[in-house]
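Some notes on the structure that comes next.
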Amino acid sequence: MKVLITGGGGFLGSHLARRLFGRGDDVTVLGRSTFPQFDKSIHCVQVDIRNRDALTRALKGQAVVFHTAAIPGIWGNYNEFYQTDVVGTSNVIAACRAQNVKKLIYTSSPSVVFGQEDIEGVDESAPYPKTYLCHYPKTKAMAEQQVMQANGTALATVCLRPHLIWGPGDPHLVPRLIERARRNKLVRVGNGMNRVDMIYIDNAVEAHVQACDRLEPEGDVAGNCYFVSDGKPVVLWNWIDDVLRKLGLPPAERSVSFEMATLLGTLLEGIYGLLRVKTEPPMTRFLAAQLATSHYFNISRARRDFGYNPVVSLEEGMDRLVEYFTRQEG
């Protein structure tokens with residue numbers, strides 16, 4: 001099967017490419033950068049998804065597209081998020097239709113239903129919030145809706161919502177924790193008892209593969225969105241402290257209330273916005289809410305519709321994570 005992955009150089013995209021190639025698929029990865037991590041057995045195409053014509057040419061002959069490309073981060077210019085997440089997704093859909101691609105699997109995010117309060121065990125019927133705290137979840141929600149609306153007999157689509165992808169090679173979550181812990185800049189937000197869902201990288205990959213394999217026009221999976229996770233929420237700050245302790249780093253010893261962090265985030269957003277600072281503020285309203293509130297989800301629908309089941313346990317994932325970062329530091 002000929003498969004193309006947008007954002008193929010990213011954490012999820014690169015692992016997905018290797019998984020699909022390993023089972024015998026003809027894999028192409030597409031992105032704005034080059035891909036030195038792949039050998040010649042995986043095809044690489046340097047294309048910006050905002051360029052519809054170039055994207056359409058790149059999709060020629062493909063049967064399946066995994067659309068993982070997005071702007072990571074919670075700070076930046078709205079138009080940059082919009083152009084990549086919304087316009088880029090519109091271009092992917094148009095290119096799929098033009099080249100008679102049969103399946104489109106979109107990597108969304110649970111943050112599309114996140115406002116500023118606890119989310120505990122909700123399923124996919126949870127509504128989008130009226131307002132968002134940053135551009136990323138807003139534009140991801142807009143893109144997700146486009147993908148679901150594009151579903152039809154010619155192009156079957158599905159959206160997956162993996163939460164906090166982690167594991168060896170993670171370029172965002174754990175490296176940031178390590179960096180802040182080393183500088184004694186890590187501060188616990190809230191009471192430290194909030195529970196969150198996470199998903200180990202191998203589990204996220206398997207969810208995408210399983211959804212793809214079950215995706216058929218007018219089938220149970222087509223046109224839907226799905227939460228996917230490790231199947232068991234963790235107490236966020238206990239998990240963070242455990243990671244740091246196993247890496248020989250100090251846990252968070254200072255704390256700040258959710259209310260104070262929200263106020264600080266509001267002030268910093270105002271200052272950074274006024275001064276047009278491009279780097280991410282050390283605290284934002286969205287970050288404060290993510291660190292202090294509970295957000296975990298019911299994955300029964302994914303289990304039922306495409307047989308999703310985590311292949312790596314939290315315990316095994318933690319062992320692999322610690323071994324990887326210990327080796328990196330060594």
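Just so it is clear, none of the values below were taken in a lab; they were calculated from the coordinates. It should be emphasised that the depicted structure is a prediction, and the values quoted were computed from it without experimental measurement. With ideal geometry, Cβ positions are generated from the backbone for all residues, glycine too; neighbour counts draw on all protein chains shown.
Please work out, to two decimal places, the log10 of the ratio I(q)/I(0) at q = 0.08 Å⁻¹ from a Debye calculation in which every Cα of region 95-244 carries one identical scatterer. Per q value, in the given order, log10 I(q)/I(0) is -0.27.
Quick check: net charge around Y272, other residues with Cβ under 13 Å of its Cβ, Lys/Arg +1 and Asp/Glu -1? Around Y272, the surrounding residues sum to +1. Only beta bridges with both residues in the chain are counted; by DSSP, about 5 percent of them are antiparallel. Figure legend: label point modelled 7 angstrom from the Cα of V122 along Cα→Cβ; residues of region 216-243 with amide N under 16 Å from it are 225-228. Cα centroids of region 220-244 and region 274-303: how far apart, whole angstrom? Taking the Cα centre of region 274-303 as reference, the centre of region 220-244 is 14 Å away.
Cross-link partners for K2 among the aspartates and glutamates, with Cα-Cα distance under 12 Å and sequence neighbours closer than 8 places in the same chain left out: D25, D26. Restricting region 116-216 to GluC sites (Glu not before Pro) that sit in a DSSP loop and have at most 12 other Cβ atoms within 10 Å of their own Cβ leaves E117. For the residue pairs K185/K246; K103/K278; K140/K278; K185/K278, alpha carbon separations beyond 25 Å are given by K103/K278.
Calculated from the alpha-carbon coordinates, region 4-145 shows an Rg and a Dmax of 15.8, 47 Å respectively. For the chain, the pair-distance distribution built from all alpha carbon pairs, in bins 20 Å wide starting at 0, is 31, 60, 9 percent.
Taking Cβ atoms as reference points and 15 Å as the exclusive limit, the residues near N298 contribute a net charge of -1, counting Lys and Arg as +1 and Asp and Glu as -1.
Region 68-90 and region 5-26 have Cα centres spaced 21 Å apart.
Give, as a single signed number, the net charge of other residues whose beta carbon lies under 11 Å from the beta carbon of R195, with Lys and Arg counted +1 and Asp and Glu -1.
Details: positive: K232; negative: D118, E120, D197.
Counting the neighbours of R195, the net charge comes to -2.
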